[in-house]
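One structure is given below, encoded as structure tokens.
The values are calculated or read from the model by the stated rules, or taken from the named source; none is laboratory data. Bear in mind the structure is a predicted one, so any value in this text is a computation, not a measurement. Ideal geometry is used to build each Cβ from the backbone, glycine not excepted, and the neighbour counts take in all protein chains shown.
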Amino acid sequence: MFYRKYLLNRTTDYFDGVTETSVFCSLLIAVVAALVPGCGKLSAPAETFPSPGEMSMISMEKAGEVYGCGNVLLNGDFSAWNEEGTVPEGFVVPDNKVIHIVRLEPRGGAGLHSTDEGWSQSDMDGGYANSFHTIIPEIQVGRTYELFVHALVYNQSTVSVNAYLLNETGTIAATWPDLVVITPGHAELQEHTARIRPEGTGSLVIASQSNKNTKFPARVCWQEWRLTASWFSDGGPVAAAVPVK
């Protein structure tokens, strides 16, 4: 082989009296000793960086931990509830007669429970305060937030999942109306995704609300709400915010 003969020729140029056979045997022994495990002293964990030309794994992370994150929405699979079983932890259920929330056994979602929500009339007035919602603090400018909604719809109902950006004082600074729209169906599983990119800091509210096409009574069983954040974008569509002045 060219590579081996080159080494031999260069070796014989510098060391007179050394035969090709002896050089080859020396090289072969060195290579075998380096490659065969268990030969020589057991190696200890390295405490320094590898030598130039060598490679060493210093850490291994999941791509999602580096470039994005998991669900930033607390209890988005509706597994945890208060002791009375009336409110999923991390969520707000308004004290009104417009909507009602019931804890159900899982209806196809990943969590231990599902959240069954019914509307007897519109809850569109008053922002998000009259609606079932959750608040995510410390939204960061420049991040793309993707909302995933998994729902089981009943009674040909249609409702929306909306987003609100709150500034540092808790005032609504922007909205994303009809960010996700559950389309009419009966006993039908639906999955929807939507993306937003807030232009200000503060908190983000995710709320389920009736819309202009909702017919009452309406009913949707929420399987999961998931919100992920990423500094990177693949160029996919981002919903436009409606500023509130």
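Here Lys62 passes the criteria (1) modelled with pLDDT of 95 or more; (2) surrounded by fewer than 16 Cβ atoms within 10 Å (Cβ to Cβ); (3) not acidic (Asp, Glu) except the one numbered (1).
Filter the stretch 148-170 down to residues that are in a loop (DSSP other than H, G, I, E, B) and in contact (Cβ under 8 Å) with a residue 60 or more places away in the chain and give me whichever is farthest from Trp231 (Cα to Cα). Per the criteria, the residue is Asn155. The single condition from (1) of a type outside the set (S, T, N, Q); (2) assigned to a loop (DSSP other than H, G, I, E, B); (3) under 20 Å from Pro243 (Cα atoms); (4) in contact (Cβ under 8 Å) with a residue 12 or more places away in the chain that Tyr145 fails is (2).
So in the stretch 189-222, with the set limited to residues that are exposed (fewer than 14 other Cβ atoms within 10 Å of the Cβ) and charged (D, E, K, R), which one is nearest to Asn71 (Cα to Cα)? Of everything passing the filter in the stretch 189-222, Glu191 is nearest to Asn71 (Cα to Cα). Somewhere in the stretch 226-238, is a residue more than 24 Å from Ala110 (Cα to Cα), assigned by TED's automatic domain parsing to the domain that holds Trp81, in a loop (DSSP other than H, G, I, E, B) and acidic (Asp, Glu)? Within the stretch 226-238 (the criterion being more than 24 Å from Ala110 (Cα to Cα), assigned by TED's automatic domain parsing to the domain that holds Trp81, in a loop (DSSP other than H, G, I, E, B) and acidic (Asp, Glu)), the answer is yes, since at least one residue qualifies.
Can you confirm whether Glu83 is surrounded by fewer than 10 Cβ atoms within 10 Å (Cβ to Cβ), over 27 Å from Lys215 (Cβ atoms), among the acidic types (Asp, Glu) and modelled with pLDDT of 60 or more?
In short, yes.
For the subset of the stretch 156-165 comprising residues that are surrounded by 21 or more Cβ atoms within 10 Å (Cβ to Cβ) and not small (Gly, Ala, Ser), which member is farthest from the chain's Cα centre (by Cα)? This residue is Val159. The set of residues from the stretch 102-155 being aliphatic (A, V, I, L, M), surrounded by fewer than 18 Cβ atoms within 10 Å (Cβ to Cβ) and farther than 26 Å from Asp234 by Cα comprises Val102, Leu104, Ala110, Leu112, Met124, Ala129.
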